[in-house]
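Colleague: Supplied in structure tokens, the structure appears directly below.
The values are calculated or read from the model by the stated rules, or taken from the named source; none is laboratory data. Given the structure is predicted, the values throughout are model-derived calculations rather than measurements. Note that we place each Cβ from the backbone using ideal geometry, even for glycine, and neighbour counts take in every protein chain shown.
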Amino acid sequence: MVRRTITGAHYGLKDWLVQRVTAVVMAVFSIFFVIRAWVICPSDYIGWVAIFEPSWMRIVTLLFFLSLFWHAWIGVRDIYMDYVKCTALRLGLQVVTILLLAAYSLWAIQILWGF
Amino acid sequence: MLFKIYRYDPDKDAKPYMQEYDVELQSTDRMLLDALIRIKAMDDTLSLRRSCREGVCGSDAMNINGKNGLACITKLSDLKTPVEIRPLPGMPVIRDLVVDMSQFFKQYHSVKPFLVNDTPPPDKERKQSPEERAELDGLYECILCACCSTSCPSFWWNPDKFVGPAGLLQAYRFLADSRDQATSERLDNLEDPYRLFRCHSIMNCVDVCPKGLNPTKAIGKIKDMLVKRMV
């Protein structure tokens, strides 16, 4: 069998761009969240619930988590690409990571709308 | 002046080792290469590459006290002793400080480092305005010494798939050339998670370039072009 180096997958730009956009979303949300928590200054569970009470707050928090998971997916995939040389193992790890992050997304929805 | 130099002859040595040399320097010895040539006179089994001895040919790139550079333009007075000299990191060692550059040049060739223009050439030359010519400043000066690519962890991990800073700088040199007509093909060639996007902008390449070039900036401009093409 010819041991040819195979490149030219013709993707990568979108992931690179997504990583930048999601980073901005996370940065903006983090600053906003710290200010909001500072203003409301919750002292107990009821206070923390109040932070997430409005629907818009739940939506932007979900956007933050989705950005985090998408950002994490690209970062973790890059690590697999660098260190896991066996294609089957890399694909397996990628599938597990995607399923895990999808589960985390659903879990985040459950937490945000479940109280 | 005390030197510790990486020695390895695959035909004789089971594994590499560091050899110490204490050299009596002369007043005319200014650069590291002067000292290495003096060591070579003491011990002719030491192998290293050098040619122009003035920072133009790029032959004597090596790892000097942990940082890649050209021996011929590294001042002895700036070096801490003992001076540790190793071959370029991540490259297969042929002998002592001489490394196999095949992979590096393979990546360089893969970006088609030549002008692609199928229109019939004019009688004299393909002209550029001074502004168009200025676009190539900071790109064409690369001497392919490999200091940058061999200081890049992404190139260490994937030398067969990641083009590396030197190759990408040259790729942008032709993307930025007003006379070149293969922009789309060149961008297609680079839009790949390995070939271009292994660069995470850690700027080791900028830190070591003996010609003061900025491959990270060139890579950023390639990414800009790809974004412009997409959105």
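Colleague: With respect to B:Gly164, determine if the residue is closer than 26 Å to B:Gly55 by Cα and under 11 Å from the mean Cα position of the chain (by Cα). Steps first, answer last, please.
Modeller: On the way: closer than 26 Å to B:Gly55 by Cα: yes; under 11 Å from the mean Cα position of the chain (by Cα): yes.
When the stated conditions are applied, B:Gly164 passes them.
Colleague: Scan the stretch A:1-44 residue by residue and report those that are of a type in the set (Ser, Thr, Tyr) and under 30 Å from B:Asp188 (Cα atoms). Step through it out loud before you land on a result.
Modeller: Going residue by residue through the stretch A:1-44, those that are of a type in the set (Ser, Thr, Tyr) are A:5, A:7, A:11, A:22, A:30, A:43.
Once the filter is applied, which keeps residues that are of a type in the set (Ser, Thr, Tyr) and under 30 Å from B:Asp188 (Cα atoms), the stretch A:1-44 yields A:Thr5, A:Thr7, A:Tyr11, A:Thr22.
Colleague: Another question, then. Restricting the search to the stretch B:15-61, which residues are assigned to a strand (DSSP E or B) and closer than 12 Å to B:Phe3 by Cβ?
Modeller: Taking the stretch B:15-61 as the starting set, the residues that turn out to be assigned to a strand (DSSP E or B) are B:17-22, B:31, B:61.
B:Met18, B:Gln19, B:Glu20, B:Tyr21, B:Asp22 - these are the residues of the stretch B:15-61 that are assigned to a strand (DSSP E or B) and closer than 12 Å to B:Phe3 by Cβ.
The rows are residues; the columns are (1) at pLDDT 95 or above; (2) closer than 20 Å to A:Gln19 by Cα; (3) out of contact with any strand residue (DSSP E or B) (no Cβ under 8 Å at 6 or more places or on another chain).
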| position | (1), (2), (3) |
| --- | --- |
| B:Asp123 | no, no, yes |
| B:Glu132 | yes, no, yes |
| B:Gly138 | yes, no, yes |
| B:Leu169 | yes, no, yes |
| B:Asp192 | no, yes, yes |
| B:Asn214 | yes, no, yes |
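Colleague: Just one of (1) assigned to a helix (DSSP H, G or I); (2) surrounded by fewer than 21 Cβ atoms within 10 Å (Cβ to Cβ); (3) more than 14 Å from chain A (Cβ to nearest Cβ); (4) polar (S, T, N, Q) trips up B:Thr150, so point out which.
Modeller: For B:Thr150, the exception is condition (2).
Colleague: Among the residues of the stretch B:44-65, write down those that are in contact (Cβ under 8 Å) with a residue 24 or more places away in the chain and surrounded by fewer than 16 Cβ atoms within 10 Å (Cβ to Cβ). Reasoning before the result, please.
Modeller: Quick first cut of the stretch B:44-65, residues in contact (Cβ under 8 Å) with a residue 24 or more places away in the chain only: B:45-49, B:55-64.
Listed by number, the residues that qualify are B:Thr45, B:Val56.
Colleague: State whether the residues of the stretch B:178-189 include one that is out of contact with any Phe, Trp or Tyr (no Cβ under 9 Å at 6 or more places or on another chain), under 25 Å from B:Met101 (Cβ atoms), within 14 Å of chain A (Cβ to nearest Cβ) and crowded, with 17+ Cβ neighbours inside 10 Å.
Modeller: yes
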